[in-house]
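Read-outs throughout are calculated quantities, based only on the coordinates presented, and are distinct from any laboratory measurement. Being a predicted model, the structure only gives us computed values, none of them experimental. Positions of Cβ are generated from backbone atoms using ideal geometry, with glycine treated the same way; all protein chains shown enter the neighbour counts.
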Amino acid sequence: MGTRKFRSLGLISAGVIAGVALSLGITAVAQRGTPLPLDELRQFSSVFAAIKNNYVETVTDKKLIDGAISGMLSDLDPHSAYLDADAFKEMQTATQGEFGGLGIEVGTEDGVVKVISPIEDTPAARAGIRAGDLIVKINDTSTKGMTLTDAVKMMRGPVKTPITLTISRQNQTQPIVVKLVRDTIKVRSVRSKMLDNNIGYVRIAQFQEKTGADLVRHLKEIGAAGAPKGLVLDLRNDPGGLLSSAIGVSAAFLKPDVLVVSTDGRVADSKHKYLANASDYARGEPDYLIGVPSWAKTVPMVVLVNVGSASASEIVAGALQDHKRATIMGNRTFGKGSVQVILPISENTAIKLTTSRYFTPSGRSIQAKGIEPDTLVSDTPEGDLFRGTREADLQRHLSNPKGDGADARASSPTPTGKEDPGEPEMVDTAKAFQFGTPEDFQLQQAVNFLEGRPVQKTVVRAAAKGTSGSEATAGGSAAKK
C-alpha cells in the first residue's frame with residue numbers, strides 16, 4: 001500500500017454527546033503502508049463466509065463489515081470508534097453549539113452507557129441526570145452490551161418527542177426512571193457576571209468554534225467599569241471540545257508565544273507544540289484576541305475544575321497551572337490526555353482513532369491522572385456529590401507514559417486535612433446546586449482565596465462521634481500566587 005493522507009477536522013473532545021456525535025480529532029495523519037497479515041486476513045475471510053452462509057438469519061455484507069470495523073476500534077481504547085453515516089454527519093456540526101438531543105455527554109463502562117456530564121440548561125440537566133449515572137435502559141431496551149453509537153442513535157430523535165431513561169445511581173438502591181422530551185440543544189459556551197467585591201466570574205461549558213471570541217466579549221463586559229480585582233474561570237463539568245479554542249482561551253490569559261500544550265505519538269505528524277499565538281488558535285482566521293483586555297494577563301485568577309473537566313478543559317487548566325498564571329481549585333480532573341483524529345474512510349463514514357498523547361507545558365502527561373488542583377475543595381461543605389468516573393476507571397484506557405495512572409482514583413480533602421487514598425466522602429445528591437449561584441461552595445472558596453481569606457475545604461463529618469467544626473487552609477494573598 002502506498003502512503004495515503006487524510007484531512008482531519010482540527011478538533012478534540014472528551015466523549016460522546018447524545019444526539020450529537022462521537023469525539024473529534026486534531027491533525028492530519030499519514031497512514032503508512034505495512035505488509036498485510038495474510039494469514040489473519042484469510043481467517044477473517046473464513047469467519048465472514050461462515051456467518052454469511054450459516055447464520056440463522058440473512059446478514060448483509062455491510063452489516064458484517066461495519067461490525068468488524070467497529071469491533072477493531074472499540075477494542076483499542078475507550079475513545080477510538082467507528083463513525084457511521086449518521087454519527088459522522090452529526091460530528092461535523094457538533095461544535096457549532098446547536099444540535100438535537102438530550103444534552104448528555106456519555107461514554108461506556110462494563111458494557112453500559114455512563115453519563116460523563118450533562119450539559120447545562122438541557123433536558124438532561126433539568127431532569128436531574130448527573131455525572132456518573134449509568135443509563136441501564138433507553139425506553140424499554142437494555143443498554144447492556146449496546147454499542148455507544150447505537151445508544152446515541154436511540155437517544156436522538158425528533159424535537160418534542162418523549163423518551164424514558166432508566167438510571168442506576170451510586171448509593172441509590174432502586175433504579176431511577178427519568179422521562180424527558182427531546183429538544184434542540186443550544187449550548188451557550190460562555191457565561192459571565194460580576195460577583196460581589198469586584199470579582200469577575202466566567203464559566204465555559206464547552207469549547208466550541210466561537211468560544212475564544214465569546215470569551216473576549218465577556219471579559220470586555222466584565223471590565224467595562226474598570227479592571228476587576230480578581231477573576232474566577234469555571235471549567236467544572238466542561239467535557240472539552242476544540243483544541244484550537246482551548247489554545248485561544250489559554251492565550252487570553254498568558255504571555256504571547258508561550259507553550260500551551262504539546263502532542264506526541266508514533267508518527268511525525270502527531271508530534272507538535274502549540275503556542276499562544278494566532279497561528280495555533282485562530283487557524284488562518286482573524287486574531288480574535290487582539291481585543292482582549294490587558295488586565296486579563298495579570299489579574300489574580302482562580303480556575304475551578306472537577307471530575308467532569310476533561311480534555312480541552314484540562315489543557316487550559318494545565319497550561320495556566322504550569323505557567324503559574326492561576327491557582328487551580330476544586331477536585332482532580334477526568335484525565336483524558338489522548339488525542340483522536342477523524343479519518344474519513346468513505347464519503348459519509350470515518351474512524352476516530354487515538355494517535356497521540358498531549359502534555360502540559362512542563363511536560364506532564366495527564367492521561368489517566370488528570371490535573372491535581374493546587375487547593376482541593378469538595379463539591380459541598382459536607383463532601384462531594386458523587387464519585388465521578390475518570391479516565392483511569394475506563395476499560396482499556398491508555399497508560400500514562402510518565403507512570404501508569406491506574407491508581408489515580410478520586411482524591412478529596414478529609415476531615416483531618418490529609419489526602420484520602422480511597423474514595424471521597426459522598427453526600428446526598430439531592431443537595432445538588434447550580435454553578436455560579438450563592439449555594440456554590442467551591443466558588444465561595446475561590447472568592448475567599450482572591451480576597452485573601454482562609455479557604456474552607458470541607459466541614460468535619462464526624463458529628464455522630466461528638467465532633468464538629470471545619471477544615472480550612474490559609475488563603476493568603478492571591479497576588480502572591
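For Lys114, which sequence-distant residues (separation of 5 or more, or a different chain) have an amide H within less than 5 Å of its own amide H, given hydrogens modelled in the peptide plane?
Amide H neighbours of Lys114, under 5 Å, 5+ apart: Gly107, Thr108, Glu109, Ile135.
According to a simple spin-label model (label point 7 Å from Cα along Cα-to-Cβ), what is the distance in nm between Asp140 and Lys255?
That separation, rounded to one decimal, is 6.6 nm.
Which ³J(HN,Hα) values, rounded to whole Hz and listed in residue order, are derived for region 439-456 from phi using the Karplus coefficients 6.51, -1.76 and 1.60 in 6.51 cos²θ - 1.76 cosθ + 1.60 with θ = phi - 60°, glycine and proline given as x?
7, 7, 4, 5, 5, 4, 6, 5, 5, 4, 4, 5, 9, x, 8, x, 9, 8
Going by a ≥ b ≥ c, the root eigenvalues of the Cα gyration tensor, does region 130-240 fall in the rounded group (a/c under 1.5), the prolate group (a/b larger than b/c) or the oblate group?
It is prolate, given that a/c is not under 1.5 and a/b is the larger ratio.
Once the piece of chain linking Arg396 and Phe433 is laid out straight, how much longer is it, given 0.36 nm per residue of separation minus the C-alpha distance between them?
Here the answer is 10.0 nm.
Peptides 227-234, 323-330: what's the order by average Cβ count within 10 Å, highest mean first?
The peptides rank, most packed first, as 227-234, 323-330.
Just to confirm a number: summing +1 for Lys and Arg and -1 for Asp and Glu over residues other than Ile366 whose beta-carbon lies under 12 angstrom from that of Ile366, what do you get?
+3
Explain nothing, just compute: Karplus ³J(HN,Hα) = 6.51 cos²θ - 1.76 cosθ + 1.60, θ = phi - 60°, for every residue of region 154-169 in order, whole Hz, x for Gly and Pro.
5, 7, 6, x, x, 4, 6, 9, x, 8, 10, 10, 9, 10, 9, 10
Of the cross-linked pairs Lys137/Lys193; Lys62/Lys89; Lys324/Lys402, which ones have a Cα-Cα span greater than 28 Å in the structure shown?
Where the Cα-Cα span goes over 28 Å, the pairs concerned are Lys137/Lys193.
For region 335-341, take each phi angle, set θ = phi - 60°, evaluate the Karplus expression 6.51 cos²θ - 1.76 cosθ + 1.60, and give the result in whole Hz per residue in order, putting x for glycine and proline.
Taking θ as phi minus 60°, the curve returns x, 8, x, 10, 10, 10, 10 Hz for region 335-341.
Around Val260, which amide H atoms from residues at least 5 apart in sequence, or from another chain, sit under 5 Å from its own amide H, with H modelled in the peptide plane?
Tyr274, Leu275, Ala276
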